[in-house]
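The values are calculated or read from the model by the stated rules, or taken from the named source; none is laboratory data. Since the structure is predicted, the reported quantities are computational estimates derived from the model, not experimental observations. Note: ideal-geometry Cβ built from the backbone for every residue, glycine included; neighbour counts use all protein chains shown.
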Amino acid sequence: MDFSIEAHQLQGSLLPKAVQNLRRKRTLDILLILLALPFLIPLALFIALLIRSVSAGPVLFMQERVGYRGKRFMCFKFRTMFVDADTTTHQGHLHQLMNSNTPMMKMDSRGDPRIIPFGLFLRASGLDELPQLINVLRGEMSLVGPRPCLPYEYDKYLPWQKKRFGTLPGLTGLWQVSGKNRTTFVEMIQLDIKYAKNKSLWWDLKIILMTIPALIIQMLETRGGRKMATGPVRTKTNYSNRAMGQYSFTKATLVGAVHAVDDEDVWIRKETKLNL
């Protein structure tokens, strides 16, 4: 298996050190997947049987996503919705999140009739994204990185927001372990850009370890039916103070809006305290 597929494709456009870092990142991805296979294969088979027993239709769901440098690919997931479920409601919900300062709260928290039995648990636990390990093996994703977005979401991104595509998308990432559903769209973009610019193997390992408690908290919140606030941007977002060590964002300045003037981005800044 080619452990350096991404690096091989980009050797002409990246510095030697960047190419080496990409190879190391991919090697880490493959190694961790191989170590986890004895546990992952029985788990995946169980989930597949569960989906087939509660809903008619395919086990896997494939959807076009946008990844590294805007490249599109087919992303794999376990199907958690009924076949031919309407997607227009999700587009409207996403548009509202992108154009407001409300937290990135999923439609699941309000109750979604499109979701199959046990689908909510699979989504809250992240188990529905387990088949994306196939995308990782194919070199389209990494274990750690920004989430791959949908094409209609990508088309609405401002130029500065597309900097989050400066690295491979991932199953988990800095945003996922930094409050996720408590953050706004702008906060999510800023966290993804920060990771894309400063990624390292040590940071990847930290994020992977932090993903487990983050998922547990997410499942508990889903089970309890906790409602997220929908007001203006908060002056403080509760993150773990030990989360990322030297990459702390305590009292960091986040970009609130962007205006294009003479092809330059003028950032209107809003002070938002992040204790990461």
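Scan segment 141-171 for residues that are in contact with a Pro (Cβ under 6 Å, 6 or more places away or on another chain) and farther than 18 Å from residue 214 by Cβ and report the count.
3
Out of all the residues in segment 32-52, is one or more surrounded by 14 or more Cβ atoms within 10 Å (Cβ to Cβ), assigned to a helix (DSSP H, G or I) and modelled with pLDDT under 95?
Taking every residue of segment 32-52 in turn, none turns out to be surrounded by 14 or more Cβ atoms within 10 Å (Cβ to Cβ), assigned to a helix (DSSP H, G or I) and modelled with pLDDT under 95.
Listed here are the residues, each with its yes/no results for (1) more than 28 Å from residue 166 (Cβ to Cβ); (2) assigned to a helix (DSSP H, G or I); (3) at pLDDT 50 or above; (4) of a type in the set (Asp, Glu).
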residue	(1), (2), (3), (4)
202	no, yes, yes, no
205	no, yes, yes, no
208	no, yes, yes, no
218	no, yes, yes, no
222	yes, yes, yes, no
230	yes, no, no, no
233	no, no, no, no
242	no, no, no, no
250	no, no, no, no
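Can you tell me how many residues in segment 111-128 are surrounded by fewer than 19 Cβ atoms within 10 Å (Cβ to Cβ) and within 17 Å of residue 65 (Cβ to Cβ)?
Here the count works out to 1.
Show me the helices (runs of 4 or more DSSP H) entirely contained within segment 117-191 in which 2 or more residues are within 29 Å of residue 223 (Cβ to Cβ) and modelled with pLDDT of 95 or more.
132-137
What is the residue count in segment 175-224 for residues that are closer than 22 Å to residue 31 by Cα, of a type in the set (D, E, K, R) and crowded, with 21+ Cβ neighbours inside 10 Å?
Summing the residues that are closer than 22 Å to residue 31 by Cα, of a type in the set (D, E, K, R) and crowded, with 21+ Cβ neighbours inside 10 Å in segment 175-224 gives 2.
Given the criterion in contact (Cβ under 8 Å) with a residue 40 or more places away in the chain and under 30 Å from residue 202 (Cβ atoms), identify the matching residue among 101, 135.
Checking each option against the conditions leaves just 135.
Test residue 108 against the criterion of being modelled with pLDDT under 85, surrounded by fewer than 20 Cβ atoms within 10 Å (Cβ to Cβ) and not in a helix (DSSP H, G or I), and give yes or no.
For residue 108, the condition - modelled with pLDDT under 85, surrounded by fewer than 20 Cβ atoms within 10 Å (Cβ to Cβ) and not in a helix (DSSP H, G or I) - is not met.
Could you tell me whether segment 254-269 includes any residue that is at pLDDT 50 or above and either farther than 22 Å from residue 98 by Cβ or touching a Lys or Arg at 6+ places or on another chain (Cβ under 7 Å) (or both)?
no
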